[in-house]
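In what follows, a single structure is set out as structure tokens and then discussed.
The values are calculated or read from the model by the stated rules, or taken from the named source; none is laboratory data. Predicted model only: the values in this text are computed from it and were never measured. Ideal geometry is used to build each Cβ from the backbone, glycine not excepted, and the neighbour counts take in all protein chains shown. Just so you know, the surface numbers come from the protein's heavy atoms only, side chains and all, with ligands and any DNA or RNA stripped out. Shrake-Rupley method; radii C 1.70, N 1.55, O 1.52, S 1.80 Å.
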Amino acid sequence: MTPTPSKRAGQTTPARTASPASEGGRPLMPLVILLFVGSGCAALIYEVVWFQLLTLNVGSSAISLGIVLGTFMAGMCAGSLLLPRFISRTQHPLRVYALLEAGIAILGLLVIFAVPLAGGLYTKIGGPGIGGLLLRGLVCAFCLLPPTLLMGATLPAIARWVESTPRGVSWLGFFYGGNIAGAVLGCLLAGYYLLRVHDMITATFVAVTINLVVAAIAFLLAKRTTYDASAVRGDTTSATSRGWWPVYVSIGISGMTALGAEVVWTRMLSLLLGATTYTFSLILATVLAGLGIGSTIGSIYARSAKNPRFALGLCQLGLVACLGWAGYSLSDALPYWPINPALSSSPWITLQIDLIRCLWTVFPAAILWGASFPLALAGVSVAGEDAGRMVARVYAANTVGAIFGAMLTSLFFVAHFGTQHTERIFIGLAAVSAALMLVPSFSDEGRLQLRTRGAGWAAAIIVFAVYFGSAINPVPPLLVAYGRFMSTWVGYAGEIIYVGEGMNSSLAVSRLPNGVVNYHNAGKVQASSEPQDMRLQRMLGHFATLLPENPEKVLVIAMGAGVTAGSVSIDPLVKRQVVVEIEPLVPKVASEYFSAHNFGVVTNPKVDVQIDDARHWLLTTDEKFDAITSDPFDPWVKGAATLYTREFFEVIKDHLNPGGVVTVFVQLYQSGMPAVKSEVASFIEAFPDAIIFGNTHDGGGYDIVLVGMKDPRPIDIDRIQMRLLDPANAAIAQSLREIGFNSAIDLFGRYAGVAPALTPWLVDAEVNTDRNLRLQYLAGFGLNAFEQKTIYDQILSYRTLPPNIFTGAPQSLEALRFAIETAQ
């Protein structure tokens, strides 16, 4: 190829040459790797932001997340296949790559504004059932397919700049590894800084800037080099005739086991480490780091490998052992490490320990999955072939497998088989993938041949799979119950009487020697028959029905043990009650183990249990209520912060009838001051006259109940006392007596303040919004904090008793004032 002149600063200089037929562009290859690092970094920032944006509108249930993830990966797959078909190989690969990166930047900027519009349209016409699922899919496709198509096309585009030789294919592996290295950086940057300190708009602008810088550099490189595609003969060979199909099937199964196992590991590690947004970012970053390292190793080996298919088979066989190792670690080793997270209040110290446990579990398998991709590329490469088409086929096969792995595991395998058998399924699949590469051999014409050594490999693979599959035990019940504190509860947890692994979460029920029954979810006690827990749950429910004049329709967000919902159900004024719960297993557990405490709420004919993400359900219904009470997960649990945003509280307000009331749980224990301030400040944005009631334990704060009214008015103590004395409300009065409240004076004696008086205390509060979801980051950092007494004392220090909060006879108000002063 003859160098062509190019003008720069008025001088004529020879341009460097690169083509699939020569190595003239090899000096620029490391720079292209750096471009892929930037591309991967931007892609992961986008992914985190888009997932967060879409789940705000289509929901955060396993079904909604599966649709979002499936759409995202389907776009990547389609992009890789479509580029070689619609972009001529005569176009300079670097120029095509630059255009793709610029296009991603433009679309990435559009998506951040298009998602709220599409989400708003969806919430007006969407709903439950098949129609709602189809609409969710359409929204995700509208928002995600355009940019993900371009993302998926970047590797096939740049692949045309290398030769379809082992050395050229190894460079493709390095590009892939660089892309993953950038993804690790993007994952950590988004999860630990951009979204924690800033918001989704800022994170998006950072990603857009990275894309534009990458595009500019790629354009400059394209101008400095020429490209000759004459040596590429196109797609003239048949994958089937050359016996390539086993490689595609093998790398497809590899993608399936990779994403499926990641779903299982995330479920179990979130129990072990705490289901915060930081944990999810750490797990993803660890997996990606392993993939990047493995891809680099595989690329180096592929450069001189005589039989890359055999090496691919060995990687898949190694995955059988690595999957077994991960299963053993998660069920028999890591939960029993003598670690007490409460010993450190610093999240950065905890991060170090969590990183070690993630590396210990997922790193070996991730390295082998990463090495498999360049080996698969080497296994199907033919000198002179269009490398773009070759890469597209391998990438698409791997991505299709990943889609099936992620969605089947999330929506079916874990819920129906449990994590133990799901892990065994993946070990079996990895064994099949290994067998495809190691057992048969193929002639040059692509004909399958069976030889004696193939039988030996088959026997070895079966033994391997059976041995490592049998070594995996069920998830420890104590891990499901107490999560990251499991090791501190060994010997003290009483009897675990139920363990269930659902579609969205894992549940447990325990009974202590003193008869207390605990409901566990997200690796901790979420509700129990302990006095302080019963008091909080019944306060939420009874406030919701006693404060409105006529609470005919009530919505309960999250069922848990059903005590709050049960407290609502016993009010004879309530004619219709809707309970929205995200996990299908929860109503069964509440009905079977807590009916004595929740008044049999699940089987109450006036109660309608809806299985859905509460935010999604409320956004897609026009129904209005006289009262809404919310008792969701702890705010540090990933996804729970969406139920504490200013915008969601406004949605709640819009779904209240005139005179309607909302009650919201705010956790003080295992929560830091910034998180509590964020929750209170966000609620006050929608309900500026909110009232706070305290639930104390051991002489200090435990939790608080926020009460908001659509039409603020004084609480009539005498009216509510008359209701409690009415024989028709005997069940309500008895329920309150069981938690220590013998009258309305006792109940409202838990008054802890009113919102306007807290303005000085909240001056530095960070409001939790849909745009920043700040609460999940603040709460995640305060996971090991035990500041409940300090927090509650500070709230009480601002307490006043304005005359417009309560009304009643003078003697009633005087008795209430005395009760408030003594109750605290």
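Name the single residue, out of those in the range 782-796 being open to solvent by 60 Å² or more (accessible area, probe 1.4 Å) and within 26 Å of Gln352 (Cα to Cα), that is modelled with the highest pLDDT.
Among residues in the range 782-796 that are open to solvent by 60 Å² or more (accessible area, probe 1.4 Å) and within 26 Å of Gln352 (Cα to Cα), the one modelled with the highest pLDDT is Glu787.
Taking the listed residues Ala596, Ala590, the one that is open to solvent by less than 30 Å² (accessible area, probe 1.4 Å) and over 30 Å from Pro347 (Cα atoms) is Ala590, with no other qualifying.
Scanning the range 81-93 for residues that are open to solvent by less than 20 Å² (accessible area, probe 1.4 Å) and either out of contact with any Phe, Trp or Tyr (no Cβ under 8 Å at 6 or more places or on another chain) or at pLDDT 90 or above (or both) returns Leu83, Pro84. Within the set of pairs 6+ apart or on separate chains, which have a first residue in the range 638-654 that is among the aliphatic types (A, V, I, L, M), a second that is at pLDDT below 95 and open to solvent by 50 Å² or more (accessible area, probe 1.4 Å), and C-beta atoms under 6 Å apart? Final answer for the pair search is Ala640/Phe633.
Looking at Ala744, Ala757, Ala765, Ala730, just one residue is small (Gly, Ala, Ser) and open to solvent by 30 Å² or more (accessible area, probe 1.4 Å), and that residue is Ala730. For the range 516-539, the set of residues classified as more than 15 Å from Trp489 (Cβ to Cβ) and either open to solvent by 40 Å² or more (accessible area, probe 1.4 Å) or polar (S, T, N, Q) (or both) consists of Asn521, Gln526, Ser529, Glu530, Pro531, Gln532, Gln537, listed by residue number. Does Ile283 qualify as being among the aliphatic types (A, V, I, L, M), open to solvent by less than 10 Å² (accessible area, probe 1.4 Å) and not in a loop (DSSP other than H, G, I, E, B)? Yes: the conditions hold for Ile283.
For the range 179-192, the criterion of a residue being at pLDDT below 95 and assigned to a loop (DSSP other than H, G, I, E, B) is satisfied by no position. Checking every residue in the range 632-651 against the condition of being among the small types (Gly, Ala, Ser) and within 20 Å of His542 (Cα to Cα) gives zero matches.
Let's see how each residue does on (1) open to solvent by less than 10 Å² (accessible area, probe 1.4 Å); (2) in contact with a Leu (Cβ under 8 Å, 6 or more places away or on another chain); (3) in a loop (DSSP other than H, G, I, E, B); (4) at pLDDT 95 or above:
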| residue | (1), (2), (3), (4) |
| --- | --- |
| His616 | yes, no, no, no |
| Phe683 | yes, yes, no, yes |
| Ile692 | yes, yes, no, yes |
| Arg719 | no, no, no, yes |
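Being open to solvent by less than 40 Å² (accessible area, probe 1.4 Å) and farther than 19 Å from Glu501 by Cα: is that true of Thr564 here? Yes, satisfied.
Under the condition of being assigned to a loop (DSSP other than H, G, I, E, B) and crowded, with 24+ Cβ neighbours inside 10 Å, the residues counted in the range 296-347 number 0. Checked against (1) at pLDDT 95 or above; (2) open to solvent by less than 20 Å² (accessible area, probe 1.4 Å); (3) over 17 Å from Phe625 (Cα atoms); (4) not charged (D, E, K, R), Pro605 passes all but a single condition, namely (2).
For the range 10-57, the set of residues classified as under 25 Å from Leu145 (Cα atoms) and modelled with pLDDT under 80 consists of Asn57 only. Of all residues in the range 410-461, those being at pLDDT below 80, of a type in the set (A, V, I, L, M, F, W, C) and open to solvent by less than 50 Å² (accessible area, probe 1.4 Å) number 1. When restricted to residues that are part of a strand (DSSP E or B) and polar (S, T, N, Q), the range 655-681 contains 3. In this structure, Ala733 does not qualify as in contact with a strand residue (DSSP E or B) (Cβ under 6 Å, 6 or more places away or on another chain), of a type in the set (Gly, Ala, Ser) and farther than 17 Å from Thr807 by Cβ.
Please specify each residue of the range 477-520 satisfying the condition of being among the aliphatic types (A, V, I, L, M), part of a loop (DSSP other than H, G, I, E, B) and under 23 Å from Leu334 (Cβ atoms). Listed by number, the residues that qualify are Val490, Ala493. Among the residues of the range 462-502, those that are in contact (Cβ under 8 Å) with a residue 12 or more places away in the chain and either polar (S, T, N, Q) or open to solvent by 80 Å² or more (accessible area, probe 1.4 Å) (or both) comprise Ile462, Tyr467, Asn473, Ser487, Thr488, Glu495.
For the range 503-515, filtering for residues that are of a type outside the set (Lys, Arg), surrounded by 16 or more Cβ atoms within 10 Å (Cβ to Cβ) and touching a strand residue (DSSP E or B) at 6+ places or on another chain (Cβ under 8 Å) leaves 6.
Mind telling me which of the residues Pro551, Pro572, Pro632 ends up being part of a loop (DSSP other than H, G, I, E, B), in contact with a helix residue (DSSP H, G or I) (Cβ under 7 Å, 6 or more places away or on another chain), at pLDDT below 95 and over 21 Å from Ser510 (Cβ atoms)? Just one listed residue meets the conditions, Pro632.
A count restricted to the range 261-276 and to residues that are open to solvent by less than 10 Å² (accessible area, probe 1.4 Å) and closer than 22 Å to Gly40 by Cβ stands at 2. For the range 348-398, taking the residues that are among the small types (Gly, Ala, Ser) and more than 30 Å from Gly324 (Cβ to Cβ), the one that is surrounded by the fewest Cβ atoms within 10 Å (Cβ to Cβ) is identified as Ala383.
Summed over the range 465-492, the residues that are in contact with a strand residue (DSSP E or B) (Cβ under 6 Å, 6 or more places away or on another chain) and hydrophobic (A, V, I, L, M, F, W, C) give a count of 2.
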